[in-house]
Amino acid sequence: MIKVSKFGGSSVADASQFKKVKEIVLADPERKFVVVSAAGKRHKEDNKVTDLLLLVNAHIEYGVDCSALLATIEQRFMDIALELGLSFDVPGEFMRLVEGIEGRTPEYIVSRGEWFTGRLMAEYLGIPFVDAADVVMFHHDGTVDMERTQTKLREAVVHTGGTFLLPGFYGATVDGQIKLFKRGGGDITGAILARCLDAGLYENWTDVSGFLAADPRIIENPRAIHRITFEEMRELSYMGASVLQEEAIFPVREVNIPIQIKNTNEPDEFGTIIRETANEHLREHLITGIAGKKDFVGIYVQRAHMSNEIGCIRRALSILERYDVSVEHIPTGVDSFAIVVNGADVKDTIYAIVADMQRDIRPDSINVLPGLALISVVGRNMSRRAGTSGQIFGALGEAGINIRMITQSSQEISIILGVQNEDFEKAIHVIYDRFGDAVVISQQ
């Protein structure tokens, strides 16, 4: 089985982390293709190399001397090369970068973090380096040319003898112009490589041991999620419980390649496997995970006989669109509906939005509920146990928590509850303490 192993910035932050990466790669002969990000933070007060290079760009744009910044970045790579005894000519390559830096595009400059990290890591692992600019092909509109990229990557496999290291985050157009993915684009590079090579597994090595069933800032020592579907991960990550860029999911999801989140600092931990469908076991957790966010606003609109009138909700949504406000949820009743939006999106416009709704919809009443928190309870097995929703609502009621909104996903894998901000942490505790370790028994 081909494994593509992507290592994030924290995994390649310094020479000691390089050593961990080498141990991981050498431990499994199936790890023949490696993707690296730029060197990340070595400690809490440190800077990521990518952030330093962005600052270099800002200095150049405003005509400020950036020689001290460049020296700092060069020293980061020099320290790694010296400690590991590498022969790569960091000073010479850095001199070539600095000499022509003012004529370089910002994207080229920022991409050098991955390029230098990749060159050093490739030498340390003893495998060929393949420049992403030669194989990850972009259209001029910034989208990836998957067909051309696949051809280039498969040619690289042949030319390198079946193993290589690829820097993440960037590629190039056919005329050689460097293009960047969004921040966290190393994850996307790894997913594209896995897809193009028909890998059996895409490993994403980071500084956490996969997903947790709840926020550890709220729940002490929550259990790890060992297996999760792509759909469940999407539901949880939408509420902020993400350790992986969502754009990195789609290239591998479309061809059903599983992703395994692993911890470089704890390589023996199982981590989390993400796949299209979970392998059912005799005992599985009822709830896969719980995630949530605070500070939403609910706009409650009521009008008699609304169900007989066409276009009320459409007009309300059109108003929010005019104010460039994204809608989170729309619970509905016979003669009423509510629209839940992010509080930050309407901080300066909520009164204008309400006034426009009064004018265009002419409701009997509009009420604004600020300070709303949303909690998503996610689990592919909830539909297999009758009464799960009622038990969750009952547990919250017993704890004196008022539920202000309820909605369920069409796939029946998540229940989203709205509570007041002040009840947010308490509600998560109640749900996790009652259901976090509950299991269901497979009928297999």
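What follows draws every value from the coordinates through simple rules; no lab data is involved. On a predicted model such as this, the values are computed, not experimentally measured, just so you know. Glycine gets a Cβ as well: all are built from the backbone with ideal geometry, and neighbour counts include every protein chain shown.
Structure above, values below:
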{"read-out": "13 Å Cα-Cα reach of K182 towards aspartates and glutamates, excluding residues that sit fewer than 8 places from it in its own chain", "value": "E107, E246, E247"}
{"read-out": "Label corresponding to Rg and Dmax of the Cα atoms in Å when calculated from the structure given, among (i) 25.2, 78; (ii) 24.1, 86; (iii) 23.0, 88", "value": "(i)"}
{"read-out": "Loop sites in segment 304-348: trypsin sites (Lys or Arg not before Pro), DSSP, at most 15 other Cβ within 10 Å", "value": "K347"}
{"read-out": "Given K294/K347; K262/K294; K3/K262, the pairs whose alpha carbons are separated by over 18 Å", "value": "K262/K294"}
{"read-out": "Centre separation in Å (Cα based) which lies between segment 85-131 and segment 19-39", "value": "19"}
{"read-out": "Cross-link pairs beyond the 29 Å C-alpha cut-off, checked among K32/K293; K19/K293; K6/K44", "value": "K32/K293; K19/K293"}
{"read-out": "Cα gyration tensor category, rounded, prolate or oblate, for segment 363-433 with a/c compared to 1.5", "value": "oblate"}
{"read-out": "Fewest-first sequence of Y108, Y202, Y300 by Cβ atoms within 10 Å of each Cβ", "value": "Y300, Y108, Y202"}
